[in-house]
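Novice: This is the structure I have questions about; it appears just below.
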Amino acid sequence: MTVPQDKSSIDSWMLKSFEFAEEALTNNEVPVGCILVWKDKILATGRNEVNETKNATRHAEIVAIDKVLEYCEEHSEDKTKVFSEITLYVTVEPCIMCAAALRSVGVSKVVYGCKNERFGGCGSVLNIHTDTLHQLGPSFQCVDDVMADEAVQLLKTFYKGENTNAPDGKRKIKDNNC
Amino acid sequence: KPDESCMKCDSMKIEPVLHDKYTALVELVDAYVCQLTNKKRTSDLLRFLSTKYPLSEHPHVKRVKSTKSTDNTTTVQVVICEHSADLTCDVIKSTLTEFTDCIGCIGVVKIPSTAPLTRKQYEVATQYWPVNFYENKIITQLLTDSYFNYDDKEIIQQHMKEAIDMALIAKQKQMMPVGAVIVDPVTNRVIAKCYDKRSGTHPLQHATMVCVDLVAKSQGAGMWNYTTDDKFYNCEMKEDEINNDSKSGPYLCTGYHLYITQEPCVMCAMALVHSRIQRVYYGSKHIEGALGSKYKIHVQDGLNHHYQVFNGVLSEICDQLWTDYG
Ligand SMILES: [Zn+2]
Ligand SMILES: [Zn+2]
């Protein structure tokens, strides 16, 4: 399966991801949302849940990967095969950690909204998606700049607000993960 | 009176994994210099140069170099500016007309382009041209293996042994022999310990990822489920310890140290950035490791949190964990 070249179809999947980014915002989490599309259907969704779980690795992508693993377990699907056929739509460029996680499960197509200048692993800070890493997993393709302005706008809304989970008020803007 | 095991402990080498800039060769750039024949004009010339040709790119470079020759005469050379193609000797001369009586001909020399960060770099740099050096005591201690005292090393070794014990449990279960322990270094309390479960059902459950989640569990949250059969551990913070409004309360892995038998991969290294870990000690290196081997995520430029990394802790034992695995 290839990334659909039809722009309206890409946009409509991305629009769906925004629902989860908004849900994150409502829950006082960094507003990043994603969906994992398999066989033209949404197999899993995810949004940032770092504050809720007190686990800084609970980014949208990791949450969604967890759900796919559960699905494969329940339906006795071959997880390697399923991941290789999945396209990820995420509102913000995956961070270095998530890019590595995506490779390690073998997701091969990633569509994202805006750049992640602070943590981006698909070009902004490092190129984890294409670097030579034989043991980590296959490299993946990226389609960027899909509804990027909307993604930036959501992030701005968040960073204007407060992160009540940070013990030190001064750290809230600087330290929030996305 | 150190006994045998203490001797071993004391000789244990703990290597810091520093940013490449601390081990980089001294980079040089070409600069125009002139000889100053009338030393009484030094301050006039320097005042003129500081406005006309400020060395703003190379603030560590001293303008003046005095060299004593064997017959005890002193030669004074002054840096005019960095060499560039569109700035010729003639152009420079034309700007220095008020000093023609006191300067010799203009030449090109090599000056160190960045400030030295270590004594070694300083010594190399000054062979070319005098520079200022502000010694970072901690970097010096790290580079001279004098950062840890005997007691520190014993504690480090102790915690790494706990990580090795976790790796051995993993090995018994036919899992990857990688163990991890997260410790609060202020109290030496073990916050969490676990091993790598990626070869089980969950490809993301690397030892670090699990350990970070167990820390979240210690704070009353967390995500993944574990069974008693896993033999993982996390402490349980009391209600007043996990008060998020308290400045001293635990926040993610802030202030904690991770001990892990093998160098973390890039996913795990970045998970530790997000988790605000303070320090990592690891045993074995890994070819695709992200704390020194393939990347240096802990000191990656552009990231907003950095942490300290040391390797070589009980590395022989950590290496041996892999014999007859898989
Ligand atoms: Zn991420
Ligand atoms: Zn890892």
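The values are calculated or read from the model by the stated rules, or taken from the named source; none is laboratory data. Keep in mind it's a predicted model, so treat the numbers as computed, not measured. As a convention, Cβ positions derive from the backbone with ideal geometry for all residues, glycine included, and neighbour counts pool all protein chains shown. Just so you know, the surface numbers come from the protein's heavy atoms only, side chains and all, with ligands and any DNA or RNA stripped out. Shrake-Rupley method; radii C 1.70, N 1.55, O 1.52, S 1.80 Å.
Novice: Is at least one residue of segment B:261-273 over 19 Å from residue B:192 (Cβ atoms), within 16 Å of ligand 1 (Cβ to nearest atom) and either more than 14 Å from chain A (Cβ to nearest Cβ) or aliphatic (A, V, I, L, M) (or both)?
Specialist: yes
Novice: Determine whether segment B:114-132 contains at least one residue that is without any contact (Cβ under 8 Å) to a residue 24 or more places away in the chain, assigned to a helix (DSSP H, G or I) and hydrophobic (A, V, I, L, M, F, W, C).
Specialist: no
Novice: Okay, next question. Keeping to segment A:4-37, report how many residues are buried (at least 18 other Cβ atoms within 10 Å of the Cβ) and farther than 16 Å from residue A:153 by Cβ.
Specialist: 7
Novice: Also: Before we move on, is residue B:214 within 13 Å of ligand 2 (Cβ to nearest atom) and modelled with pLDDT of 95 or more?
Specialist: Considered against the rule, which asks whether it is within 13 Å of ligand 2 (Cβ to nearest atom) and modelled with pLDDT of 95 or more, residue B:214 comes out as no.
Novice: Name the residue that is farthest from the other protein chains (Cβ to nearest Cβ), counting only residues in segment B:211-235 that are hydrophobic (A, V, I, L, M, F, W, C) and open to solvent by 10 Å² or more (accessible area, probe 1.4 Å).
Specialist: B:232
Novice: Can you tell me how many residues within segment B:84-116 are under 17 Å from residue B:60 (Cα atoms) and open to solvent by 60 Å² or more (accessible area, probe 1.4 Å)?
Specialist: Total meeting the criteria: 2.
Novice: Identify, please: which residue in segment B:192-205 is under 17 Å from residue B:260 (Cα atoms) and away from ligand 1 (no atom under 16 Å from the Cβ) and is, among those, nearest to the other protein chains (Cβ to nearest Cβ)?
Specialist: B:198
Novice: Here is a follow-up. Select, from A:120, A:113, the only residue that is of a type outside the set (A, V, I, L, M, F, W, C) and either free of Cβ contacts under 8 Å to residues at least 40 places away in the same chain or in contact with a Lys or Arg (Cβ under 8 Å, 6 or more places away or on another chain) (or both).
Specialist: A:120
Novice: Against the definition (open to solvent by 20 Å² or more (accessible area, probe 1.4 Å), free of Cβ contacts under 8 Å to residues at least 24 places away in the same chain and not basic (Lys, Arg)), how does residue B:152 come out, yes or no?
Specialist: Yes: the conditions hold for residue B:152.
Novice: Here is a follow-up. For segment A:123-148, what are the residues that are of a type in the set (A, V, I, L, M) and more than 11 Å from chain B (Cβ to nearest Cβ)?
Specialist: A:143, A:146, A:147, A:148
Novice: I've got another one for you. Looking only at segment B:291-306, which residues are more than 8 Å from every other protein chain (Cβ to nearest Cβ) and crowded, with 21+ Cβ neighbours inside 10 Å?
Specialist: Correct list: B:291, B:292, B:298.
Novice: Scan (1) in contact (Cβ under 8 Å) with a residue 24 or more places away in the chain; (2) among the hydroxyl-bearing types (Ser, Thr, Tyr); (3) out of contact with any Phe, Trp or Tyr (no Cβ under 9 Å at 6 or more places or on another chain) for the single condition residue B:146 breaks and write down its number.
Specialist: (1)
Novice: Scanning for something touching a Leu at 6+ places or on another chain (Cβ under 8 Å) and within 14 Å of another protein chain (Cβ to nearest Cβ), does segment A:10-28 turn up at least one residue?
Specialist: So far as segment A:10-28 goes, no, none of its residues is touching a Leu at 6+ places or on another chain (Cβ under 8 Å) and within 14 Å of another protein chain (Cβ to nearest Cβ).
Novice: Which of the residues spanning segment A:108-122 are more than 13 Å from ligand 1 (Cβ to nearest atom) and within 13 Å of chain B (Cβ to nearest Cβ)?
Specialist: A:115, A:117 - these are the residues of segment A:108-122 that are more than 13 Å from ligand 1 (Cβ to nearest atom) and within 13 Å of chain B (Cβ to nearest Cβ).
Novice: Next up: Test residue A:45 against the criterion of being over 12 Å from the mean Cα position of the chain (by Cα) and either at pLDDT 95 or above or more than 15 Å from ligand 1 (Cβ to nearest atom) (or both), and give yes or no.
Specialist: Against the criterion (over 12 Å from the mean Cα position of the chain (by Cα) and either at pLDDT 95 or above or more than 15 Å from ligand 1 (Cβ to nearest atom) (or both)), residue A:45 does not qualify.
Novice: Could you tell me whether any residue of segment B:245-254 is under 22 Å from residue B:300 (Cβ atoms) and open to solvent by 20 Å² or more (accessible area, probe 1.4 Å)?
Specialist: yes
Novice: Then there's this: Considering only segment A:82-95, I want to know if a residue exists there that is closer than 19 Å to residue B:225 by Cβ and within 11 Å of chain B (Cβ to nearest Cβ).
Specialist: no
Novice: Now, a different point. Here is a list: B:193, B:171, B:161. Which entry is open to solvent by 40 Å² or more (accessible area, probe 1.4 Å), in a strand (DSSP E or B) and more than 25 Å from residue A:99 (Cα to Cα)?
Specialist: Going through B:193, B:171, B:161 in turn, just one is open to solvent by 40 Å² or more (accessible area, probe 1.4 Å), in a strand (DSSP E or B) and more than 25 Å from residue A:99 (Cα to Cα): B:193.
Novice: (1) surrounded by fewer than 24 Cβ atoms within 10 Å (Cβ to Cβ); (2) of a type in the set (Val, Ile, Thr); (3) more than 16 Å from ligand 2 (Cβ to nearest atom): which one isn't true of residue A:105, the others all being true?
Specialist: With (1) surrounded by fewer than 24 Cβ atoms within 10 Å (Cβ to Cβ); (2) of a type in the set (Val, Ile, Thr); (3) more than 16 Å from ligand 2 (Cβ to nearest atom) applied to residue A:105, the lone miss is (3).
Novice: Let me ask you something else. Run down B:217, B:296 and say which single residue is more than 16 Å from ligand 1 (Cβ to nearest atom) and over 23 Å from residue A:94 (Cα atoms).
Specialist: B:217
Novice: Follow-up question, since we're still on this one. Could you identify the single residue in B:241, B:316, B:288 that is more than 17 Å from residue B:180 (Cβ to Cβ), open to solvent by 20 Å² or more (accessible area, probe 1.4 Å) and either away from chain A (no Cβ under 13 Å) or among the basic types (Lys, Arg) (or both)?
Specialist: The conditions single out B:316.
Novice: Only residues that are basic (Lys, Arg) and modelled with pLDDT of 50 or more: list them for segment A:134-178, please.
Specialist: Residues satisfying the conditions are A:156, A:160.
Novice: Determine whether residue B:208 is within 30 Å of residue B:24 (Cβ to Cβ) and within 14 Å of chain A (Cβ to nearest Cβ).
Specialist: yes
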